[in-house]
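Worksheet: the structure to be examined is printed underneath.
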Amino acid sequence: MINALNLLYSKSSAARILGLEYNDIERIEIWSKVIWVKPFNRKASMISKKVFKQHFVDIRKQRSLSLQLTEHLYNSNAFTVRNPRKDTHYTVYLVEDGLECECEDYLNQIRFIGKACCKHCYRVLNHLGHRSLAEYLNDKSIA
Ligand SMILES: [Zn+2]
């Protein structure tokens, strides 16, 4: 079950940050400023929440690189973003206050964080010449 905390502070993120496999992590605990991570057969590590938040963004940007984008002929605010590995595709729309996607990750971020930028949205931002949602919104407001 995804919730507000494990969306950001997950065992899989902890494993990637430490360069380990998911199954190497025995358990994690969310403390006030750090995440306590205990791999099997190793000493525990403490990783700051800031590192997890940066990883959350970086992994989505990285995963967006292998996605294929198609512009819509009659709607310049819509893009189809396809994952050739999984053969899935989502439509991303440019809307007044950002971008919208229909994927599970996007919907979970909206639900638990209140704003969202999934790998499909990062693919569109990259296509439009922006590195982040904040940069896109800022450029849009002064355009
Ligand atoms: Zn998405």
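Only the coordinates and a few stated rules stand behind these numbers; no lab work does. A quick note: this is a predicted structure, and the numbers were derived from the prediction, not measured. Heads up, the Cβs are rebuilt from the backbone with ideal geometry, glycines too, and the neighbour counts pull from every protein chain shown.
Assign one of three labels to segment 65-142, namely rounded, prolate or oblate, based on the Cα gyration tensor with a ≥ b ≥ c the square roots of its eigenvalues; rounded applies when a/c is under 1.5, prolate when it is not and a/b is larger than b/c, and oblate otherwise. Don't skip to the end; give the middle numbers.
Values: a/c = 1.64, a/b = 1.14, b/c = 1.43.
In terms of gyration-tensor shape, oblate.
With contacts defined as alpha carbon pairs under 8 Å and 6 or more residues apart, what's the relative contact order of the chain in percent? Kindly include the intermediate steps, with their values, before the conclusion.
On the way: 186 pairs, mean separation 22.2, N = 143.
Reported relative contact order: 16 percent.
For labels at E29 and N3 in the simple 7 Å Cα→Cβ model, what's the distance in nm?
Those two pseudo-labels are separated by 1.7 nm.
Taking N as the number of residues in the chain, what is its alpha-carbon radius of gyration divided by 2.2 N^0.38 Å?
Ratio of Cα Rg to 2.2 N^0.38 Å: 1.17.
Going by average Cβ density within 10 Å per residue, which order do the peptides 20-28, 111-119 take, highest to lowest?
Ranked by mean Cβ neighbours within 10 Å, highest first: 111-119, 20-28.
Volume per residue, Å³, of the convex hull around the alpha-carbon atoms of segment 1-84?
134
So if each residue of separation counts as 0.36 nm, and I subtract the Cα-Cα distance between D139 and K49, what length gain in nm does that give?
29.6 nm
Listed highest first by mean packing, meaning other Cβ atoms within 10 Å per residue, what order do 127-137, 5-15 come in?
Numbers: 127-137: 13.8, 5-15: 17.7.
Final packing ranking: 5-15, 127-137.
Highest mean first, how do 35-44, 55-64 rank when packing is the count of other Cβ atoms within 10 Å averaged over residues?
In descending order of packing, they fall as 55-64, 35-44.
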